[in-house]
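The values are calculated or read from the model by the stated rules, or taken from the named source; none is laboratory data. Everything numeric here is computed off the predicted structure, so don't read it as measured data. Using ideal geometry, Cβ is built from the backbone for each residue, glycine included, and neighbour counts are taken over all protein chains shown. When the accessible area is computed, the model is the full protein with side chains, heavy atoms only, and any ligands, DNA or RNA have been set aside. Shrake-Rupley method; radii C 1.70, N 1.55, O 1.52, S 1.80 Å.
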Amino acid sequence: MLRIGMLTSGGDCQALNAAMRGVVKGLYAKTEEIEIYGFKEGYKGLMYSDFDMLTSRDFSGILTVGGTILGTSRQPFKLMRTPDANGVNKVEAMKHTYHKLNLDCLVVLGGNGTHKTANLLREEGLNVVTLPKTIDNDLWGTDMTFGFQSAVDIATDTIDCIHTTATSHSRVFIVEVMGHKVGWVTLHAGIAGGADIILLPEIPYDPDVIAKAIKRRAKTGKRFTILAVAEGAISKKDAKLSKKEYKEKLEKRKYPSIAYEVAEQIQKRCDQEVRITVPGHTQRGGTPCPYDRVLSTRLGAAAAELIWNKEYGYMVGIKNGETVKIPLGEVAGKLKFVDPDSKIVREAKMTGISFGDE
């Protein structure tokens, strides 16, 4: 009997269900002798032995369903060694549940923080296989994470919709895009949506450069300007601050987010109305796009192959169009940032897109 535990941790995204389905269908193609323990709300379910026994039927009809049938929660890695409110040792509790159920492998779907905890459990002797989930596409070791393309599609659609109203009113529109500390979603949605200015965390901006780009468009008869701004975008001035100083500034910020700060900077320098659109969590919701359904299914099937072959301690990723296995120790704690000198950024600049830096 093959006993598998599964959990989804951290922020949700499209194709989590599709990925779990891929794992389960891949394993059932090998054997019918399987027990599947679905832990509720991520690592929390593993800690407190809160789970459902699942069968192949539970994974039928969920390919196109967003969210996660298991539920999820955020369990900060930095607090994993800190006892909970009742004094429970979280790591030991997770290990106890794993061994109590006599699991052969724990399948973990998550992003950066989730992978750090997965690696910790691997170091504690548990058999772990992971899949790369995040709209941010910031996991090291894989070209693509599932959820990313679906989020790009939604953010692009938002920018598309803004075009008509921006044209009608001759306004500057800012669309704030999710992505945490990296700019992958903003970069791709900005290019796909025809944004005139793209602001990324990896390329600190100068408000004066942004203003010049807007004024230059106005002089050439362009009646509007659209900015795709990453939620983690940062000015050149703030980029010079220490991590502590910047954190303190954010705590005192009078703006709800970076888009409003950029808007004020533009209004001080340009004679145009500025409007802000924040699609927010819509970028993480809804039906996964076909690309993500294919990607997550492939990654799930590849994870099943690793489990069947008893190859544990890996994240399944994709490189150059092919599924690959990456040691968890190499993945944990690393972020994949947009390279300011990459071809995609240079090519975007060639089409006239400003990144607010020069």
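Residues of the stretch 165-207 that are over 22 Å from the mean Cα position of the chain (by Cα) and acidic (Asp, Glu): ASP196, ASP206.
Remark: pairs (first residue in the stretch 22-33, more than 8 Å from ALA304 (Cβ to Cβ) and open to solvent by 20 Å² or more (accessible area, probe 1.4 Å); second residue of a type outside the set (Phe, Trp, Tyr) and assigned to a loop (DSSP other than H, G, I, E, B); Cβ separation under 8 Å; 6+ apart in sequence or on different chains) = GLU33/MET1.
Counting residues in the stretch 138-157 that are surrounded by fewer than 24 Cβ atoms within 10 Å (Cβ to Cβ), in contact (Cβ under 8 Å) with a residue 24 or more places away in the chain, within 23 Å of GLU264 (Cα to Cα) and over 13 Å from the mean Cα position of the chain (by Cα) gives zero. Selection within the stretch 306-329: residues that are open to solvent by 80 Å² or more (accessible area, probe 1.4 Å) and of a type in the set (D, E, K, R). The member of this set that is nearest to the chain's Cα centre (by Cα) is LYS319.
Considering each of GLY10, GLY45, GLY38 in turn, give the residue that is at pLDDT 95 or above and under 28 Å from GLN149 (Cα atoms).
Answer to the selection: GLY38.
Condition check: modelled with pLDDT of 95 or more and either among the aromatic types (Phe, Trp, Tyr) or on the phi > 0 side of the Ramachandran plot (or both). Does PHE51 satisfy that? So PHE51 passes the test.
Take the stretch 109-129 and flag every residue that is more than 15 Å from the chain's Cα centre (by Cα), in contact (Cβ under 8 Å) with a residue 60 or more places away in the chain and buried (at least 21 other Cβ atoms within 10 Å of the Cβ). Of everything in the stretch 109-129, those that are more than 15 Å from the chain's Cα centre (by Cα), in contact (Cβ under 8 Å) with a residue 60 or more places away in the chain and buried (at least 21 other Cβ atoms within 10 Å of the Cβ) turn out to be THR117, ALA118, ASN119, ARG122, VAL128, VAL129. Of all residues in the stretch 330-352, those that are open to solvent by less than 20 Å² (accessible area, probe 1.4 Å) and in a loop (DSSP other than H, G, I, E, B) total 1. Of all the listed residues (LYS219, LYS212, LYS249), the sole one being surrounded by fewer than 18 Cβ atoms within 10 Å (Cβ to Cβ), under 16 Å from ALA263 (Cα atoms) and without any contact (Cβ under 8 Å) to a residue 12 or more places away in the chain is LYS212. Each residue in the stretch 222-240 was checked for being surrounded by 14 or more Cβ atoms within 10 Å (Cβ to Cβ) and either β-branched (Val, Ile, Thr) or more than 19 Å from LEU187 (Cβ to Cβ) (or both), and 6 of them qualify.
Looking across the stretch 58-105, the residues that are in a helix (DSSP H, G or I), modelled with pLDDT of 95 or more and out of contact with any helix residue (DSSP H, G or I) (no Cβ under 6 Å at 6 or more places or on another chain) come down to ASP58, VAL91, GLU92, LYS95, HIS96, TYR98, HIS99, LYS100. Here GLY147 passes the criteria (1) among the small types (Gly, Ala, Ser); (2) at positive phi; (3) out of contact with any strand residue (DSSP E or B) (no Cβ under 7 Å at 6 or more places or on another chain); (4) at pLDDT 95 or above except the one numbered (3).
Condition (residue is outside any helix (DSSP H, G or I), modelled with pLDDT of 95 or more and either among the polar types (S, T, N, Q) or farther than 23 Å from GLU330 by Cβ (or both)) applied to the stretch 120-127: is it met by at least one residue? Yes, some residue in the stretch 120-127 is outside any helix (DSSP H, G or I), modelled with pLDDT of 95 or more and either among the polar types (S, T, N, Q) or farther than 23 Å from GLU330 by Cβ (or both). Can we say ILE162 is open to solvent by less than 40 Å² (accessible area, probe 1.4 Å), of a type outside the set (D, E, K, R), more than 23 Å from LEU306 (Cα to Cα) and touching a Ser or Thr at 6+ places or on another chain (Cβ under 7 Å)? For ILE162, the condition - open to solvent by less than 40 Å² (accessible area, probe 1.4 Å), of a type outside the set (D, E, K, R), more than 23 Å from LEU306 (Cα to Cα) and touching a Ser or Thr at 6+ places or on another chain (Cβ under 7 Å) - is met. Among the residues of the stretch 281-300, those identified as touching a strand residue (DSSP E or B) at 6+ places or on another chain (Cβ under 9 Å), open to solvent by less than 50 Å² (accessible area, probe 1.4 Å) and not hydroxyl-bearing (Ser, Thr, Tyr) are GLN283, PRO288, ASP292, LEU295, LEU299, GLY300.
Determine the pairs where a residue that is among the β-branched types (Val, Ile, Thr), located within the stretch 253-266, has a partner that is open to solvent by 60 Å² or more (accessible area, probe 1.4 Å) with Cβ atoms under 7 Å apart, the partner being 6 or more residues away or on another chain. Pairs that qualify, where the first residue is among the β-branched types (Val, Ile, Thr) and the partner is open to solvent by 60 Å² or more (accessible area, probe 1.4 Å), are ILE258/GLU231.
Among the residues examined, ASP238 does not qualify as assigned to a helix (DSSP H, G or I) and modelled with pLDDT of 95 or more.
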